[in-house]
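Okay, so here's the structure we're looking at.
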Amino acid sequence: MSHPGGHRIRYRFLPLEPTANRLPREALGLGLRPSFYKALFSGPLTIDYFEIISENFLRTDGPPRRVLDAVAAQRPVVLHGVSLNLLGHAPLDEAYLQQIKALANTVNAPFVSDHLCWTGAHGISHHDLLPTPYTDDLVAFAASRAEAVQQTLGRPFGLENLSTYVEFASSTMPEWEFYTRVVKDADCWFMLDINNIYVSSVNHGFDPRTYLESIDFSRVLQVHIAGHSVEPNGTIVDTHDRHVRDEVWALYRDAWHLAGPFPTLLEWDAAIPPLPVLQEELERARKVRQ
Amino acid sequence: MKPPVPSWLEGFEANFSAMLRTPLDRSTGTLRAEVDRYPSALVDLSLPRAEIPATERLAVYNRQYWFRLFGVLQNEFRLTCALLGPWHFNRLASLFLQESPPAAPDLARAVDGFVQFARRFPIDAATVNPQAALQAAEIDEGFRNLFWAPRLSPEAIATFQQHTPEQLVTGRLRPSGRFVVIEEYWPLIDLRRSLSAAPTEQRALPAPHANGRSHAAIVAGDSGPIILPLHPLQATLYQYLQRMPLVAALSAIEGKASATQATTLASDVQTWLQTSVRLGFWSEVDPS
């Protein structure tokens, strides 16, 4: 944008404070999944808020959207995407972003999040959260794109850290430095996954508490917890198919004592148990904090 | 000034994509990552950890890519998967995904085009009757499409019913997307309804229908699909109505009716049309 004198001004917008409809910091939420749609409405809703996988609700017809409308009428709903492709080399998909924006507006989402990763290339969507080397030039690129995403969405945008299974020789910094620099430079937010920190710490041999201590928790929109599996060779895989492991609960407790409160959300995506089991798992989060 | 795309990023992602999409080897009777086929530039860039070589670390992604997509296909095409068995179904799925990799951000769309692929792909008759496998794929596709069917309110149906007989007869009914007509030679719809999710083992092909074939409409209901058994002429009528004006469809049906059927055809057609309107088969009447 130029003013009449011809000087180029770069308008640096202040971070969008998630105050208009922010979540209570002690809130406990659950990823909304089809396996318990019916159970949700069979009794009073005891869950503080829900998170949806944005891509599963982009169509405006069909049962998922009807369930979403009913849930959003009773509880806050936050959006969590898996296909933004922030670190992809191709331009961001503007049509997709507009769909996310419309969905966020529909449910009046307190915030939107996605992952600090790439998800596809050369016209193919890999439907996975993929790692990169961590480099200075990628920090600048990622931060610029995250800032643009937040401006487009018009609401707070959080970036989630990944579970990763490989590291690259060309990285010039640890993951937590890459993550914190991108969030800071983009003036966006952390969507901090405690399980992912633990998974990557074991797979790559770093101290997860070093990671936690690098995070500015005043910029954490939400924390994720989830279960993981261990392969025969010791690699930990982020499967979201079982109870949260004790080691992850311990790290969650550390985070809470370090910088709580923060909204906490349970992700359970495969072999999903009945709703009461999920509610018990959330209650465990409440107990672990004490 | 936007920061440029890092010069190395596109090449890195191309190599990583090639690794991800390396098909899993089937020669040993299990699905195994072929790490020797990974791009050497990616392997050289990737770090080993303790006793785990870099290729094994990359293989986590390679396996995850394929198993995630197999899972989606097995779930969406659960009847086809049940008849073929997961092992043979995964082969079909792998070939489909190599030819048509997912492009949409919605994972459920990764199966778009699978039926068309299955029609072209020669299914091993030793595994399952190929015609049954294709019927199964079409039934699965029908259930899949109906899941996303638009909701039709009672008001919309009432509005539809206000059309004059002249408008209906000369017009063309616009399908609402809330039904699929199925002609099956085996009781496959029933078999599919017994499968609550992706099957883990092969299911035997049931005995064929005693009278050769059976017709049904799968209809989108408020709490799940409804199966509506159809008279053969009723099925034909609904199929014709999706591609021709009512008057032409009625004429075509009369030509197909036996002398016995013709005696009650007028009242039967009236009942069948009322049923279709009540269940929301049509959303509008377009001038022909």
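For the pairing of chain A with chain B, what total accessible surface becomes buried, with a 1.4 angstrom probe, in square angstrom to the nearest 100? Result for this pair: about 4200 Å² buried. Overall size of segment A:109-166 from C-alpha positions, given as principal axis extents largest first: 33, 26, 24 Å.
In segment B:1-143, the portion of solvent-accessible area held by carbon and sulfur atoms comes to 53 percent [1.4 Å probe, whole percent, DNA, RNA and ligands not counted].
If you model segment A:106-240 as an ellipsoid using its alpha carbon gyration tensor, with each semi-axis the square root of five times an eigenvalue, the axes come out at 23, 17, 16 Å, biggest first. Only lysines eight or more places from A:Lys101 in sequence, or on another chain, were considered; those with a Cα closer than 23 Å are A:Lys184, B:Lys2.
Find me the longest stretch of chain A that has none of the exposed trypsin sites (Lys or Arg not before Pro), where exposed means in a DSSP loop (not H, G, I, E or B) with at most 10 other Cβ atoms within 10 Å. Maximal segment without exposed cleavage sites: A:13-290. Average projection, convex hull of the Cα set of the protein assembly as shown: 32.1 square nanometres.
Taking trypsin sites (Lys or Arg not before Pro) across segment B:1-51, none is in a DSSP loop with at most 11 further Cβ atoms lying within 10 angstrom of its Cβ. Once you order the gyration tensor axes a ≥ b ≥ c over the Cα atoms, which shape class does segment A:149-214 get: rounded for a/c under 1.5, otherwise prolate or oblate by comparing a/b with b/c? Prolate shape, in that a/c is at least 1.5 and a/b is the bigger ratio. Taking the Cα centre of segment B:157-288 as reference, the dipole from Cβ charges on Lys and Arg (+1) and Asp and Glu (-1) amounts to some 160 debye. The loop-placed trypsin sites (Lys or Arg not before Pro) in segment B:228-288, going by DSSP, that have at most 16 neighbouring Cβ atoms within 10 Å of their Cβ come out as B:Arg243. Chain A: longest stretch without exposed chymotrypsin sites (Phe, Trp or Tyr not before Pro) (DSSP loop, at most 16 other Cβ within 10 Å), sites themselves excluded? It works out to A:42-205.
Please state the shape class of segment B:155-288: rounded when a/c is under 1.5, otherwise prolate if a/b exceeds b/c and oblate if not, all from the C-alpha gyration tensor. It is oblate, given that a/c is not under 1.5 and a/b is not larger than b/c.
In this calculation the C-beta distance from B:Ala14 to A:Asp207 is compared with R0 = 25 Å, giving a FRET efficiency of 0.15.
Segment B:154-190 and segment A:122-164 have Cα centres spaced 46 Å apart. The distance separating the Cα centre of segment B:1-70 from that of segment B:240-288 comes to 56 Å.
Distance between the 7 Å Cα→Cβ label points at B:Ser194 and A:Thr172: 6.3 nm. Counting only DSSP H runs of at least 4 residues, each contributing -39500 (n - 2.57), and dividing by the residue count of chain A, the helix-based mean residue ellipticity at 222 nm comes to -11000 deg cm²/dmol.
Within chain B, what is the longest stretch that has no GluC sites (Glu not before Pro) placed in a DSSP loop and near at most 15 other beta-carbon atoms within 10 Å? Segment B:52-200 is the longest.
Relative to the longest principal axis of the C-alpha atoms of chain B, give the angle of the C-alpha long axis of helix B:54-76, reported between 0 and 90° and rounded to the nearest 10°. Result, in degrees: 10.
For chain B, the convex hull spanned by the alpha carbon atoms encloses 203 Å³ per residue. Segment A:41-116 to segment B:216-231: how many Å between their Cα centroids? Answer, in whole Å: 30.
Hydrodynamic radius of chain A by the Kirkwood approach over all distinct alpha-carbon pairs: 19.6 Å. Summed over the residues of segment B:75-287 and divided among them, the accessible surface reaches 48 Å² per residue at a probe radius of 1.4 Å.
The antiparallel fraction among DSSP beta bridges confined to the protein assembly as shown stands at about 50%. Expressed as a whole percent, the accessible surface of chain A that belongs to carbon and sulfur atoms is 54, based on a 1.4 Å probe.
The convex hull of the Cα atoms of segment B:24-102, projected and averaged over all directions, covers 6.2 nm². Computed from the Cβ-Cβ distance with R0 of 30 Å, the FRET efficiency linking B:Gln242 to B:Leu134 stands at 0.90. Tell me the angle of helix B:259-278 to the major Cα principal axis of chain B, expressed in degrees between 0 and 90 and rounded to the nearest ten. In chain B, helix B:259-278 runs at an angle near 60 degrees to the longest axis.
The values are calculated or read from the model by the stated rules, or taken from the named source; none is laboratory data. This structure is a prediction, so every number in the text was calculated from the model and none was measured. Neighbour counts are summed over all protein chains in view; Cβ atoms, including those assigned to glycine, are modelled from backbone coordinates with ideal geometry. Quick note on the areas: whole protein, heavy atoms, side chains included, nothing else; ligands and nucleic acids left out. Shrake-Rupley method; radii C 1.70, N 1.55, O 1.52, S 1.80 Å.
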